Amino acid sequence: MAETRALSRYKRVVVKIGSALLVGDGALKREWLDALVGDVAGLLNGGVEVLIVSSGSIALGRGILGLPHRPLKLEESQAAAAAGQIELAKAYADALGAHGKRAGQILLTLGDTEERRRYLNARATIGTLLKVGAVPIINENDSVATSEIRYGDNDRLAARVATMASADCLVLLSDIDGLYTAPPASNPDAVFLPEVPRITAEIEAMAGSAGSELSRGGMKTKIDAGKIATAAGTAMVITSGKALHPLSRLENGARATWFPALASPASARKAWIGGHLEPHGQIVLDQGAVKALCSGKSLLPAGVTAARGRFSRGDAIEILDPDGCVIGRGLVAYDHEEASMIAGRNSREIEAIVGYPGRAEMVHRDDLVLDDAFFDKRGETSET
């Protein structure tokens, strides 16, 4: 097994769990959950950060509320989710607690990963949970989501979470052990694919169309997730989650289909900021701030001399040196009005000025990319 295919070699891993693996006949499969969490605890003890994207709230809530065994109406699904989310969060907290670990629940809708401000808030929450050693347990907020505002599947949600969290590996635990050239249950000539270097039209055709038999098994959404993840620098793997300890089995070489990342999460994010976002304004720096950025530091308000444009928090902005030359781009942490108010001030003064304890950085180094041409002119090399 290649080293890069051992989960313990990754820094941050997102694990997606489907309802069928976790819930049966309206009840939680506790033995399976305990085994999975044991795997997660092992990764955590080895220094790997883990996020879990878990389905199961509606299936669990249906059993808790005694709802009929038929397709549920929207309001019934939302009620089931409301009841199931409580039980699901408690189950994860208890299972992780048995290993001395903590859990934090995050409920997302489609808008939380697409609207810039909500995206940043969710990303900050995830980052803080990981920083304090907790395991984020993430699910679509089915108790309020409708068909117009929801993902409808946790494969693509998991991919969005992986990119949001800058994870370097996404694990999709499924009822099938990977991708085949055709549905293996109905085609004895189906060939298993251990690796997909790039998702092509041919690969997408193997996953089936929206109405195909294979698609109803969920492979199309997994390939869609792979396109999102790998483009953002996150490797993805599809493997069976049916047996106990699925992550340990994967670590030890269980059959799986791997989708290598097309870049690292950091480089993919930098490319996105630097070349794919339209700037909404400019921030001018003093020479001390320019020097700090060149050494790999974040941009603090103290080094800002002016804020131009009508940008909002989370927008891309151009970063200018004292001579007005563009030296880079970044995602700004404040609206234009607030940025103007705190420009040139110490970060400790932010709360008194804007009325809330904002972030210390105007632009965090993770959200900053400096122009190579600027460094060429200076005869230096960028490490940001």
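The values are calculated or read from the model by the stated rules, or taken from the named source; none is laboratory data. On a predicted model such as this, the values are computed, not experimentally measured, just so you know. So basically every Cβ, Gly included, is an ideal-geometry build from the backbone, and we count neighbours across all protein chains shown.
List of remarks:
- Per-region count, the range 6-36, residues of a type in the set (Lys, Arg) and in a loop (DSSP other than H, G, I, E, B): 2
- Residue check, Val191 free of Cβ contacts under 8 Å to residues at least 60 places away in the same chain and assigned by TED's automatic domain parsing to the domain that holds Trp32: yes
- Lys291 being exposed (fewer than 15 other Cβ atoms within 10 Å of the Cβ), at negative phi and out of contact with any strand residue (DSSP E or B) (no Cβ under 8 Å at 6 or more places or on another chain): yes
- Subset of the range 94-116 (residues that are in a helix (DSSP H, G or I) and surrounded by fewer than 17 Cβ atoms within 10 Å (Cβ to Cβ)): Asp94, Gly97, Gly111, Glu114, Arg116
To keep it simple, each residue is scored yes or no on (1) surrounded by 15 or more Cβ atoms within 10 Å (Cβ to Cβ); (2) modelled with pLDDT of 95 or more.
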| position | (1), (2) |
| --- | --- |
| Gly309 | yes, no |
| Gly314 | yes, no |
| Ile319 | yes, yes |
| Cys325 | no, no |
| Gly330 | yes, no |
| Ala333 | yes, no |
| Met341 | yes, yes |
| Gly344 | no, yes |
| Ser347 | yes, no |
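- Residues that are over 18 Å from the mean Cα position of the chain (by Cα) and surrounded by 24 or more Cβ atoms within 10 Å (Cβ to Cβ) occur at least once in the range 42-56.
- In the range 155-209, residue farthest from Val135 (Cα to Cα) [restricted to those that are hydrophobic (A, V, I, L, M, F, W, C) and touching a Phe, Trp or Tyr at 6+ places or on another chain (Cβ under 6 Å)]: Ala190
- Residues in the range 86-105 that are of a type outside the set (Asp, Glu) and touching a Leu at 6+ places or on another chain (Cβ under 7 Å): Leu88, Ala91, Ala95, Lys101, Arg102, Ala103, Gly104.
- Within the range 192-224, the set of residues being modelled with pLDDT of 90 or more, outside any loop (DSSP other than H, G, I, E, B) and basic (Lys, Arg) comprises Lys222 only.
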